[in-house]
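See below for the structure under consideration.
The values are calculated or read from the model by the stated rules, or taken from the named source; none is laboratory data. Predicted model only: the values in this text are computed from it and were never measured. A quick note on method: Cβ atoms are made from the backbone with ideal geometry, for glycine too, and the neighbour counts reach across all protein chains shown.
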Amino acid sequence: MAVEVTYAATAPQSEIETLTTFNLSCLTRFRQCRSLGELLPIAAGWHLYGYTDLANRQLPSPPRAPEFCNMPPWVLGRDADTALIVEGVSEPVEMGNDSPYESHEFGLLHEISKVRIMDQIRGGSAWPIGSVVLASVHPLVYGDSSYDLPILLTPGKRFIVFPVEQDREHGSLSMQRCDLIEDSPANRQDVFKGFALHDDLRGPDIQGHWFPDE
């Protein structure tokens, strides 16, 4: 079993401490932990799994759907290796698994739109400024509520994007749905604040879908 705790960057320190306070004593006592709620007390009421709880044999309620893309721009800047300014050129369309442009890992639908590279504000662009390339936007995992978010890469609008891949061979860059924000003065200022906090110590976030349910 595994538990993933996600909290907003604006959460008070006292709340963060509550969310990350573990009861490690039950690992060495005679009666060991039998549920995640015993190991992480705050998780006791979360009902993390859809099968009978090991400790009380009660069927838990379904978990609340997570909220996606509720991330301040400075956090995106802090964690970014590459950030580009792009401008929408064509109306985006949905592409299925038969798209010739993307690998479509996990069978997820991608949205494809042509964009023009306007500037690179962190890292490097695989193409010269002014190039028109394909941008692929996809949700993070199955059931990701960002499926319901509006498509943003519309013609004539500029965006700050944090691509996870730049494919020079196919002339395309790809990103997750939450890795693009409007290019506004306020967002740029926050993103540059995040750049100043960037370091190489942070590892990849643990994703709950990496672990089996049993």
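Which ones in the stretch 141-185 are surrounded by 14 or more Cβ atoms within 10 Å (Cβ to Cβ), at pLDDT below 85 and of a type in the set (D, E, K, R)?
Asp144, Arg177
Residues that are modelled with pLDDT of 90 or more and closer than 14 Å to Leu84 by Cβ: does the stretch 195-209 have at least one?
yes
Would you call Val137 at pLDDT below 60, assigned by TED's automatic domain parsing to the domain that holds Val86 and touching a His at 6+ places or on another chain (Cβ under 9 Å)? Working first, answer last.
Numbers: at pLDDT below 60: no; assigned by TED's automatic domain parsing to the domain that holds Val86: yes; touching a His at 6+ places or on another chain (Cβ under 9 Å): yes.
It is false that Val137 is at pLDDT below 60, assigned by TED's automatic domain parsing to the domain that holds Val86 and touching a His at 6+ places or on another chain (Cβ under 9 Å).
Given the options Arg57, Arg34, name the one that is farther than 29 Å from Cys178 by Cβ and modelled with pLDDT under 70. Before you say what the answer is, go through the steps one by one.
Details: Arg34 fails: modelled with pLDDT under 70.
It is Arg57.
Can you spot a residue in the stretch 76-98 that is at pLDDT below 70, over 30 Å from Ala186 (Cα atoms) and touching a helix residue (DSSP H, G or I) at 6+ places or on another chain (Cβ under 8 Å)?
Yes, the stretch 76-98 has at least one match.
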